[in-house]
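Here is the structure we will look at.
The values are calculated or read from the model by the stated rules, or taken from the named source; none is laboratory data. Model, not experiment: these values are computed from the prediction. Because the Cβ atoms are built from the backbone with ideal geometry, glycine has one as well, and the counts that use them run over all protein chains shown.
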Amino acid sequence: MPKLKLPVPPMPGRPAPKRPGKTYGPQTPREHGREAGTSAIGWIDERTSLSGGARWMMFRKVPKGTNWFYTLGSATMFAFLAQAVTGVFLAMYYDPSATGAYDSIRNINNEVFLGEFVHGMHKWGSSVMVILVFLHMGRTFFFGAYKYPRELNWVIGVVLLILTMTMSFTGYLLPFDQRSYWATIVGVNINGTGPFVGPYLSDFLRAGPDFGATTLSRFYAIHMMLVPGAIAALMGFHLYLVAKLGTTAPPWLRAKSPEKLREEKVAR
Ligand code: HEM
């Protein structure tokens, strides 16, 4: 008589099969509370399938030899996010008018709860972001990441660099003290000496032929809406290309010769 096959035992780690008559899932309010986060994410994912995109973005293969230098891009992004968060809190108390700007900054520093701390984070954070973006550019340059097929990502990076410098330049005027006022006049005049577009650019920055009350509003709008929006959009595209193309291997790693690869394949 042929032997009957034994049922396959449950795999270790797998949940036991459901038994009829027994209730499953969270029962008590405490259990419901514990699972609330997972259920909420599951609810959103069931309707958007966003987890597929997140997995595609985060669980990528990275080349051998990936090291700390590869964290400079993410560090720049973190610096930008910190600037965005502290900037929102500063905007709640800042007055972008020629008569009120200086006093509103004094108020932030002297009266507002944690105002000096947040203002300091924003001020020093801008230098941190500029240093990080240059280090990141240096890393991508020395690792040859500007070559095919990443040329477009390099060009987007150059635009991001210009936008980062624009953020520093436009932010410098906002305290509206003697130093920021005169330094910005110098900066705008230097812009005006540029070929062809220079005079138009300085007129645009001044919001007219003279440095006046509207100049501050112009700088404020550029600093907190126009440029951060452009940086956020370009950063998204920059990261999409990084995930799509993968990162460059460090230049000191040599590719294996085709024979060696074939040998390995045959051995396997
Ligand atoms: C706001 C500024 C920037 C942010 C937030 C940013 C962010 C990033 C991140 C997170 C990566 C992937 C990880 C890494 O390689 O570090 C990356 C890669 C890259 N970035 Fe940037 N980046 C910025 C500016 C720049 C600049 C100024 C350049 C060059 C002019 C540049 C060129 C590149 C290139 C070519 C890659 C691909 C690297 C590779 O394949 O190995 N980025 N960026």
Check your understanding: Is it true that Leu234 is within 16 Å of the ligand (Cβ to nearest atom), modelled with pLDDT of 95 or more and in a helix (DSSP H, G or I)?
Key -> yes
Practice item. Inspect region 54-74 for any residue being away from the ligand (no atom under 16 Å from the Cβ), more than 19 Å from Val242 (Cα to Cα) and assigned to a helix (DSSP H, G or I) and give the result as yes or no. Key: no
Practice item. Considering only region 132-158, state which residues are free of Cβ contacts under 8 Å to residues at least 24 places away in the same chain, farther than 16 Å from Ser74 by Cβ and part of a helix (DSSP H, G or I). Key: Phe141, Glu151, Trp154, Val155, Val158
Revision key, fill the gap. Only one of Ser104, Ser49 is among the polar types (S, T, N, Q) and loosely packed, with under 15 Cβ neighbours inside 10 Å, namely Ser49
Practice item. State whether one or more residues within region 124-131 are touching a residue at least 60 places away in the same chain (Cβ under 8 Å), within 10 Å of the ligand (Cβ to nearest atom) and either under 14 Å from Val242 (Cα atoms) or of a type outside the set (Ser, Thr, Tyr) (or both). Key: no
Review point. Out of all the residues in region 53-68, is one or more surrounded by fewer than 10 Cβ atoms within 10 Å (Cβ to Cβ), touching a residue at least 12 places away in the same chain (Cβ under 8 Å), farther than 30 Å from Ser168 by Cβ and out of contact with any Cys (no Cβ under 9 Å at 6 or more places or on another chain)?
Key: yes
Study note, to complete from the structure: Exactly one of Ile190, Ile222, Ile162, Ile185 is within 11 Å of the ligand (Cβ to nearest atom), modelled with pLDDT of 95 or more and out of contact with any Cys (no Cβ under 7 Å at 6 or more places or on another chain), and that residue is Ile162
Revision key, fill the gap. Here the qualifying pairs (Cβ atoms under 6 Å; residues six or more apart or on different chains; first in region 240-268 and within 19 Å of Lys64 (Cα to Cα); second within 16 Å of the ligand (Cβ to nearest atom) and in a helix (DSSP H, G or I)) come out as Ala243/Met57
